[in-house]
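See below for the structure under consideration.
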Amino acid sequence: MPMPGGEAHLLARRYAQVGHSRIAFLDAGSGPAVLLLHGCPFSSFLWRKIIAELSQHFRCLAPDLLGLGDTETPADADLSLPAQADAVLGLLDHLGLEVVAMVGHDHGAATAQLIAARHPERITALVLADAEAYDNWPSADELPFVRATQLPVLGRLVLWAWARPVLFRWALASGKAVHNRSALTTELVDGLIRANLATAHRRAKTQRFLAAQLDAANQRHTQDAIGALQQFTTPTLIVWGGQDVHFPPTWAERLHRDIPGASQIEILPDTGHLLMEERPHRVAELLTAFLTANTPTG
C-alpha cells in the first residue's frame with residue numbers, strides 16, 4: 001500500500017502462530033530489526049508513518065497486540081501485560097530474532113518495560129514513548145471511556161457507536177488523544193475503526209482487551225518492573241508529547257531518572273499523546289538517529 005512520507009513504501013502484513021494466538025504483524029524494510037509496539041486500544045496502523053521513514057534504514061516489525069487489530073486469540077485468552085510480553089518474545093523466536101531494538105508507545109511501552117526487566121538480553125536499544133508506567137494507567141482522562149465499555153449491554157452499545165466515524169472522532173477529541181485536533185484525519189479515524197471497531201467480532205475483542213486494562217493486578221506489573229529497570233543499562237531514549245494530558249511529561253522525567261541507560265530524553269512541544277500522528281517526521285528523525293547510533297549492524 002502506498003505510504004505517506006515521500007516514496008511509496010510497501011507494508012507486508014504477515015501472520016505467526018504463537019501458542020494459541022495468530023499474531024498479525026507488519027514487516028517492512030531490511031537491516032537491523034526494530035520492533036514497534038503500539039498502545040491501547042489501537043493497532044500497528046499507528047506506526048505506518050514512522051515505518052515509511054524508518055524502513056529505509058531498518059527492518060521494521062509492528063505486531064498487533066493480543067486482543068487488538070488483526071491478531072486473533074481465543075475468547076478466554078490471557079490479555080495481561082505478562083501475556084503480551086510473552087507473545088512478543090514468542091514472535092521474535094518464531095522469526096529467529098535473538099535481539100531487536102524495541103520501541104514502545106503507551107501499552108506497548110509497558111510491554112517493552114516488562115521485557116526489558118525480565119529479558120534485557122533481548123534488547124539492543126529501547127525507546128519508550130508516552131508510556132504506561134508505574135501506576136499511571138489507565139489515566140484519569142481515559143478511565144471513564146474504558147469503564148463505559150464494560151457496562152452490561154450498554155458497553156456493547158458504546159463500542160457500536162464508536163464504530164461511527166463522527167462519534168469516534170468525538171471520542172478521540174474528548175479523550176484528548178491529540179493536542180492538535182487537525183491530527184484526527186479521516187485516514188486515522190477510519191484506520192482505527194477498521195482495526196478494532198468495524199465488526200461485532202472486533203468490538204468484542206476490544207471489550208475483552210479493555211477489561212484487562214481495569215484489572216488492578218495487571219496494573220501492578222509496571223510497578224513491579226521498576227526495580228529491574230533501575231539496573232537496565234542498555235541505551236534508552238525517552239520521547240514524549242509535551243502536551244500529553246494522559247501521561248504528562250513528569251512521567252518521562254521519572255523514567256529518565258530511574259533507567260540508567262536512559263541517556264536521552266526528548267519532550268516534543270505542542271504535541272499530545274499520539275505523537276506519531278502529530279509529529280511523525282520528527283519522531284522518525286529521532287528514532288533513526290538514536291537507533292543508528294545504538295543498534296549493531298551485524
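Derivation of every value follows stated rules applied to the coordinates shown; laboratory data play no part. Since the model is a prediction, treat every value here as computed from it, not as a measurement. Here the Cβ positions follow ideal geometry from the backbone for every residue, glycine too, while neighbour counts run over all protein chains shown.
Restricting things to alpha carbons, find the Rg to Rh ratio for the chain using the Kirkwood radius for Rh.
Numbers: Rg = 17.5 Å, Rh = 18.9 Å.
Using Cα coordinates only, the ratio equals 0.93.
Expressed as a whole number of Å, what is the distance separating the alpha-carbon centroids of the stretch 66-81 and the stretch 156-231? The distance from the Cα centre of the stretch 156-231 to that of the stretch 66-81 comes to 14 Å. Residue-wise HN-Hα couplings along the stretch 99-111, as the Karplus relation 6.51 cos²θ - 1.76 cosθ + 1.60 with θ = phi - 60° gives them from phi, are 9, 8, 7, 10, 10, x, 10, 6, 5, x, 6, 5, 4 Hz; Gly and Pro carry x.
A dipole drawn for the stretch 28-83 from +1 and -1 charges on Cβ atoms has a positive end, and of 63, 51, 38 the residue lying farthest that way is 51.
Order these peptides, 92-99, 69-76, by their mean beta-carbon neighbour count within 10 angstrom, highest first.
Numbers: 92-99: 14.0, 69-76: 17.2.
Descending packing order for the listed peptides: 69-76, 92-99.
Mean residue ellipticity, 222 nm, helices only, the chain: the sum of -39500 (n - 2.57) across DSSP H runs of n ≥ 4, divided by residue count and rounded to 500, is -12000 deg cm²/dmol.
The phi-based Karplus calculation (6.51 cos²θ - 1.76 cosθ + 1.60; θ = phi - 60°) puts the 3J(HN,Hα) values of the stretch 253-261 at 5, 5, 4, 4, 6, 7, 9, x, x Hz, whole numbers, x for Gly and Pro. Springs join every pair of Cα atoms under 10 Å in this Gaussian network model of the chain, and among 20, 221, 57 the largest mean-square fluctuation is at 20. Between the residues 214, 260, 129, the greatest Cα displacement towards the positive end of the dipole of the chain, with unit charges on the Cβ of Lys, Arg, Asp and Glu, is found for 214.
Ranked highest first by the average count of other Cβ atoms within 10 Å around their residues, in what order do 267-274, 172-179 fall?
On the way: 267-274: 20.1, 172-179: 18.4.
Top to bottom by mean Cβ count within 10 Å: 267-274, 172-179.
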